[in-house]
Structures are given as structure tokens and as C-alpha cells.
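The values are calculated or read from the model by the stated rules, or taken from the named source; none is laboratory data. Keep in mind that this is a model prediction, so the values were computed, not measured. Methodologically, a virtual Cβ is constructed for each residue, glycine included, from the backbone with ideal geometry; neighbour enumeration extends over all protein chains shown. Areas reflect the complete protein model, heavy atoms only, side chains present, ligands, DNA and RNA absent. Shrake-Rupley method; radii C 1.70, N 1.55, O 1.52, S 1.80 Å.
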Amino acid sequence: MDTVIECSALKKEFKINKRPKGFLGHMANLIVPKFEYKQAVSDISFRINRGDAVGFIGANGAGKSTTIKMLTGILAPTEGSITALGVHPQKDRKQYVAKIGAVFGQKSQLSWDLPVLDSFYLLQKIYQIPDQQFNQTLEQFTDILDMSGFIEQPVRQLSLGQRMRADIAASLLHKPELVFFDEPTIGLDVVAKEKIREFVRYLNREMQVTVIFTTHDMQDIEQVCQRLIIIDKGRKLYDGTVEGIKSTFGNEKKLIVQFESPACVYSIPGVSQKLKPNHVIEFSFSSDQVAVKDLVQALLAEHAVLDISITEQGIEQIIREIYEKGI
Amino acid sequence: MEWLSLFKHYSVLTIKERFQYKLNAILVSLAVFLREGATIAVIYFMLLRFGSINGWEMYELLFLYSYIFFTYGLFILFFTGLRDFEGLVRIGSFDRYLLRPRGLIFQIIVAKVDWFAAIGHGSLGLLLFLYSAFQVNVSWSAINITYCALAIIGGVLIQAAIFLLMASLSFTFISVSNLRQILYWNTRKFAGYPISIFHASIKILLIYIVPFAFVNYFPSQFLLHKTDMAEFPALYMYIAPAVGFALFGLAMLYWRYSLQFYKSTGN
Amino acid sequence: MKKEFNFSVYLMYTKTIFLSKLVYKFDYVLGLLNTCIQLFIACLIWQTLYGGNASVEGISLPMVITTIVIGQGLSNAYFINDQAVSKLIKDGSISFTLLKPVSFRLQLLAEALGEITFRILSNFLPAVIIFSLATDVLPPAGVLPFLLFLISISLGFGVLWMLSSIVQFLSFWVMNVWSLSTIKNVLITVLSGAVIPIWFLPEKIASFVSYTPFGAIYFIPTRLYLGDIPPAEAGIYFTQQLLWIIAMLGISHLLWSMGKQRIVVQGG
């Protein structure tokens, strides 16, 4: 398959000026500054193929943004190498960025006080897009992203959802082969999120654009991406299919049982118990060690049971646990 | 000439943007104009009473001053982005420049073309220059005109080089506003007067460290031949226009080197 | 809403700002350097202009230098953020501020005084000491002139504060008060006598200045300090300063009440 991005042993260290306290310290710092190093990314390698839709997740400060910035060529890696679309993102910056698009949910690239269309025309000039291609693309996006209602309004009058759609269109006018979406759904309502997911899916499946997507919303990932990369403390924690994560991390099940009277259940190997109010006991176990059927039968045989329910971890919960505990 | 069309496009956009707040745009130009005018008014009133300062008559002083304003006006037209670069780095907007397939310095220049401030600053400089140029004793030969034009471009580039240096430093230090205040704005206050009136240490500052003397003093001396030039090497008058080109070149090299330290703060 | 006047509350504002300034020691050194450079250039230029003459039109060089050091030194210390109200209006927090049980205008003044006290102690006084040692800054003409100077300089600050508050409250109508504030500062620079003593302004302009509040900020106090205004006449000048304060307070109050109304109507 055609490789779009190949990066190996990426490492990024930030040099932080350590400011000593007090006036003398400040003066001394001006002459001989003291630094300490903080590792944002320690060791990350992966390969992304043409047509992939890859979700990037990680807690705040995990190194996700830093990685994306290195991939787009904004930051230079301290160590390691990146080859993207066959070039070196920093050395061949102009050549590289002409073929990529980047959408930042928190940072608009549109002029705040001008109509959306004005920003688009400017981008046409910057990317030197031929008139015919530009008009065609613009028409297509206006249609799919439903922008005709606000395309002539100044950006400051748009809702966040409209602005985001306009921003996405702005990043795609030059028909990039590879597009980075950095938290494009942040702060949006459910409907607006849905529109954006739908569009990214369309972009990826119908137009064969390679998509890299970061978010804190697991539904974004489930609906848009086939592949998931989880980053934690500057390292890659997981790299595989979205479904695969459930079998790797999420085989924990919970059986919640309400007994008629206070019950005392002998400990069962592989199952942990947690006492809850109203004679409820929560049993947690790994589904490949204990079969649900055996457990239920054993309980029903010895106790009077009022109610039983069973829960499986969702992706969201798995991720939350990973964020909280690491692995 | 493709860049010129982009420059034009950006100019139209910024003007359009400013005209969203018409009254404000006009008031800003007026305020800037008056602020610069205040300095001139003070010098004018002083010399009405005292006649001359170290042998420099009123028109000669205005001529000397007009270089500062006129070059700054041109500087602000092309290099506002450079002057405000620190802010661009702080809020992380420089990221977007890195993501566009155009030269970085080129984008910094064209993206912030500020006609209104340029008119405020530059028009006073130009008026002052035209007004004083015919009052002072200069024969406007082809050589003098060419020299003058080159010296103005050189003067713009000297200031651009200073700000490009600060912009490069902002990759590593983030906050350079104090440094800028001392090196640029304070030094500029000296530069309005003939540097011969100052103490030796300030002369060294203005010639070798923050070379404002090459923006206005030496170019004016080339045309005016005042006696106080005797204490400086005559060579400085002849190389004045070239200083800007050389410094800007050096600043560009340092900029290229510093780019790798860009940290991209913010989300 | 009835707002009770409690002096200690405002003193707290002053103290808080004052203490917060102490943290930035480096800025303080730079600020002092800045003032010294500015005064240094000004003194040097006047020296060059005098070119060895003992006095010009009855004014001696030390008198000029004293005027410059007091006027420009204080104008650096009088740091008033003309855009404070404008910022509150833009981000909408003005209505929140108005709900507090303190007078907003007194709060502004108290905060400004905190900053200014800090700057006078850390910037103005050291600069005056440095320049008294290095150049001919004159001592006050006597104890009485000095006391009158202290009264007059406080009134002078009042005049400056009222000018600034008019500009500030215009921000209810003008989007960006930066330009208005700049224009006001230009007028103060040229006409207040801090940069070019009013003695040396062309006669027409000097007589125009006497019909404006600008001379009442730094120049009247300095003349009292130098004994250029005999103490017996001080009363006339105090009245003049007071009248300016009252007149501008009237305008500022009108703008404030009308502006506040606009906020209420717009619903904040």
C-alpha cells in the first residue's frame, strides 16, 4: 500500500527557562540563563497509508498536539525522522504544505471582520488555485457543507458551527491529499458535530483523502476513523482498529446483583466484589477468565436474588481509565 | 510580479477590514499623525526662540527628523507584521504562516500591510521632507536624489533588521518587549537630534550598536555638509545606504537559524 | 443601589495594586532607566540650546531643567490606563462591576493611585535624586513655596485625572479610545509645559494655553516651587486649578450617567 506518512522514533524536547526568584536571580538569569528540559514526546513511530482515517487521542499534555505539529512541519523534532508525502516536512516546507490541509478547532484562519468569501479568495491567491478549479471546489463545498446561507457574512456574525464549517472549507480549497483535523468538534453542539463528522467521512471515503483526526469525543472517532492511535506521556500506547481496543483493554465486565437480604458471597477466583447500598453487590471480572453464565448460576443457586444487570465497558470508559491510570 | 498581486490583494483586504470601523480607522491615522506632529511642534517652538542647536538651523533639523518619520512610515507599511511578531508567536498564529506554501518573511510582510498607520506616520515625514528639502541648502542633482532614495530604503532596512532580530529572539525568549523598548524606542528618541551634541557613549550606541545614525544623521550630512561631521569618518556618509542592506542580510541569516527554535505555544 | 462610602475599601484597592507592582522588580529598573534616558536627552538639548548663556528672557537654565525634571518625571509616574473602562465595556464585565457595592469611579481612582504611588516612589523620586546630583535641579524657593507646591501638584493630578476620565467615559460611544487618549496626550505633551516650558511657547499659543486646563497640571505647581509665582498669588492659581477640576468633573459625570444608561438599556 501507498505510504503517506512514515515517522520513526520521534522525540521532542522543550527547553524551558527556569526563572530563579528575586531580583538578583533575574539579573543572573539574563546573563547565564538556566534551562531545564521537558519531554513532550519521547518515542513515537508509526506509518500511515493513503486513504486511512486515523484518530489521535490522548489526555491534555500527553503529546498529541506536539506530534501533530511535528507532522505538519510546524515544529522540528528533536530526534527521529518524518517523511510525509515523500518529502521532509520542514526542509521542503513549501512543497509539503501545498499538499496538506490543517484545521484547528481553536484557531480560525478566517479574517474575523470580513465575509467568509473574502478569506476564500485570498486563499485562492496564496495557493495559486486556477479559477476554474477554485470555482468548482467552492461550489461543491458550499453545497455539501451547506454554506450558502452565510458565505457572504462577516465571520464575527457566524455561529461556532458555521465558522467551523467555513474553516474546514478554507483548509481544503487547494485539494490537499492529507488533512489534519485538530479538535474540529470542540465546543460544538450535537447537530453541528454530526455535520462535521459526516463531511470528514465523505472526504475520506468518497474523495480518498487521508485524514488525521484528534478529539476528546470518542463518538467522533467511532464514526469517522477506522484506526486509532492513543498517546500517553509522550509514547504510543495503542495503535490498531477502533474495535480492537475493546478486546485489548475492555474485556472487563460487571455484574450488578441485588439480593433480597444482606448476603455474604464467598470469594470466587478472578472476581472482585464491591458492596453497594440496598444489598447490591458489584462483581467485576475479566470475560476471558470467568464466564458470565457460570457466575450467575452459582449466585442463583445459593442466594435469593431480586435483580441482575450486566455491563460491558464502552470505548469512552476504556479511554477514561487509560487516561486516569495509564496501563 | 505574482507577489505584487498578492500584496495588492492583502492590502485591499486590510483596508476593507479597517473600514468596517471607519471612524476608528480615521481616528487612528489622525492620532498617529498628531503624535508624531507633537515632536515636530516642540522642536519648532524651541528653535523659534533659540535659532539653532549646535549649528543646525530649523529647516536642517526638520530635514534630519523627516528621515526618521518617513522611513518609519515606509517601515510600518511593509513590516508591521515584523514589529508585532512577538504577539503572533505568543498566540500561536505563526503556525498558520508555516502551513502556507509561501515564504515566511513574505507572508509576515504582506499579511499585515497597514496603510492607515503608514499614512499617519509617513505622510508627516513626507510633508516634512518635501517642505524642508527645498529650504535647506542642497542642490537636488541626480546624484543627490539617487543617494537620498537609496538612503531612505537603507533606513527602512536598518529598522527592519532591528525588528527582524527581535522577532528571531522571540522564538527563544517569547517576551522581548522590554528589550525592544530599550533598544529601539529609547534609542530613537536620541536619533532626532544631531548626534554630535551627545556624549561619546551615546554616539557609539547610535553608530555601532543600534545604528540609527545611518538612518538619518549620516545621510543628512552627505547632503548638508555641516561642520560637526568633522569628528566622524567621512566614509560613514558614503556607506550609509549600504548599511541597511548589509544589516538586513545578516538579520535574515539569524532568522533562518532561529526558526528551528519555534515552540508553537498555545493549543 | 445605595453605595455606602467606606474609605478602607478604597484603601484596599490602592494597597493591592501597590503591592502587586512590587513583584515586577525588573520592570521597575527598566522604568527608571527609561525615565533617566528621557530626562537626560531633554536636559542635554536644553543645555545645547542655551549654549553657555546664563539666562534667556529672564529664565535660567537650572529653572528650565527643574521644570523638565518635575514635569516629565511626573508624567512618567502618572500612569493612567485610559482604556480601562473601554476594556470592561468590550468584554461585557462592566455590568458585573456596577453590581459591586463600591463606587466604580472611586475604585478606578483608588487603583490608579496605587500604581502612581508606586511609580512616584520607585521611579520619580530616584530619578529626581539622580538628576539633582548630576545636573542643576534647583531646590524649592523656600518652605512655604514647597508646601504650596505640594498642594498645587495634588490639584494638578486632579486636573489630569478628570481629563483622563472624560476620555475613558467616551468609550461608551467610541469603540476604540486609544486614538482619543493619544490625541489627549499629544495636547498635554505640547501644551502642559512639561516638554517645552510655557515661557518659551510663542505668545499666541501661550495665551491660548491659559484658557485650557493643560497648564494647570505640571506648570503651575512648578512655578510655585521655583518661586516664579509669589506665594501671595497662590490663591488665584489654586482657584484656577479647582475650577478646572469642577468643570471637568461635571462633564465626566454627565458622560458617566448617560453611558451607564446605555449599558442598562442594552442589557449589558
- Residue count, the range C:196-248 (criterion: among the basic types (Lys, Arg) and within 14 Å of chain B (Cβ to nearest Cβ)): 1
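Would the range B:105-115 turn up any residue that is away from chain A (no Cβ under 14 Å) and in a helix (DSSP H, G or I)? Walk me through how you get there before you give the answer.
Restricting attention to the range B:105-115, the residues satisfying the condition of being away from chain A (no Cβ under 14 Å) are B:114-115.
Okay, now just the ones that are also in a helix (DSSP H, G or I), so B:115.
Checked against the condition, which is being away from chain A (no Cβ under 14 Å) and in a helix (DSSP H, G or I), the range B:105-115 yields at least one hit.
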- In the range B:179-222, the residues that are closer than 22 Å to C:Gly31 by Cα, open to solvent by 20 Å² or more (accessible area, probe 1.4 Å) and of a type in the set (Ser, Thr, Tyr): B:Ser201
- Has the range A:44-60 got at least one residue that is at pLDDT below 80 and away from chain C (no Cβ under 14 Å)? no
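Matching residues to (1) more than 8 Å from chain B (Cβ to nearest Cβ); (2) under 29 Å from B:Tyr257 (Cβ atoms):
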{"residue": "A:Asp92", "(1), (2)": "yes, yes"}
{"residue": "A:Asp113", "(1), (2)": "no, no"}
{"residue": "A:Val116", "(1), (2)": "yes, no"}
{"residue": "A:Ile126", "(1), (2)": "no, yes"}
{"residue": "A:Gln132", "(1), (2)": "yes, no"}
{"residue": "A:Leu138", "(1), (2)": "yes, no"}
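Return the residue satisfying two criteria in turn: it lies in the range B:1-29 and is within 7 Å of chain C (Cβ to nearest Cβ) and at pLDDT 85 or above, and of such residues it is nearest to the chain's Cα centre (by Cα).
First pass over the range B:1-29, keeping only residues within 7 Å of chain C (Cβ to nearest Cβ): B:21, B:24, B:27-28.
Okay, now just the ones that are also at pLDDT 85 or above, so B:27-28.
Details: B:Leu27: 22, B:Val28: 19 Å.
My answer is B:Val28.
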- Query: Mind checking which residues of the range B:64-104 are away from chain A (no Cβ under 13 Å) and of a type in the set (Val, Ile, Thr)?
  - Reply: B:Ile68, B:Thr71, B:Ile76, B:Thr80
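So how many residues does the range C:36-95 have that are assigned to a loop (DSSP other than H, G, I, E, B) and either within 14 Å of chain B (Cβ to nearest Cβ) or closer than 27 Å to C:Leu109 by Cβ (or both)? Break it down into steps so the answer makes sense when it comes.
Filtering the range C:36-95 for residues assigned to a loop (DSSP other than H, G, I, E, B) gives C:51-54, C:57-58, C:78-83, C:91-93.
Filter again for either within 14 Å of chain B (Cβ to nearest Cβ) or closer than 27 Å to C:Leu109 by Cβ (or both), leaving C:51-53, C:57-58, C:78-83, C:91-93.
Adding up the residues that qualify gives 14.
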- Task: List every residue pair whose Cβ atoms sit under 9 Å apart, with the two residues 6 or more apart in sequence or on different chains, where the first one lies in the range B:136-149 and is without any contact (Cβ under 8 Å) to a residue 40 or more places away in the chain and the second, anywhere, is open to solvent by 80 Å² or more (accessible area, probe 1.4 Å).
- Result: B:Trp140/B:Phe134
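Kindly evaluate A:Lys195 against the criterion of being outside any helix (DSSP H, G or I), among the basic types (Lys, Arg) and modelled with pLDDT of 85 or more.
Values: outside any helix (DSSP H, G or I): no; among the basic types (Lys, Arg): yes; modelled with pLDDT of 85 or more: yes.
For A:Lys195, the condition - outside any helix (DSSP H, G or I), among the basic types (Lys, Arg) and modelled with pLDDT of 85 or more - is not met.
I'd like to check which strands (runs of 3 or more DSSP E) are fully inside the range A:238-327 and have at least 1 residues that are open to solvent by 50 Å² or more (accessible area, probe 1.4 Å). So that I can check it myself, show each step before the final result.
On the way: elements: A:252-259, A:271-276, A:280-286, A:305-312.
Because the criterion is at least 1 residues that are open to solvent by 50 Å² or more (accessible area, probe 1.4 Å), the strands (runs of 3 or more DSSP E) in the range A:238-327 that meet it are A:252-259, A:271-276, A:305-312.
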- Task: Of the conditions (1) at positive phi; (2) out of contact with any helix residue (DSSP H, G or I) (no Cβ under 7 Å at 6 or more places or on another chain); (3) surrounded by 17 or more Cβ atoms within 10 Å (Cβ to Cβ), A:Gly86 clears all except one; give me its number.
- Result: (3)
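Look at B:Ala38 and say whether it is at pLDDT 90 or above and of a type in the set (Gly, Ala, Ser). Let's see the steps before the verdict.
Working: at pLDDT 90 or above: yes; of a type in the set (Gly, Ala, Ser): yes.
So B:Ala38 passes the test.
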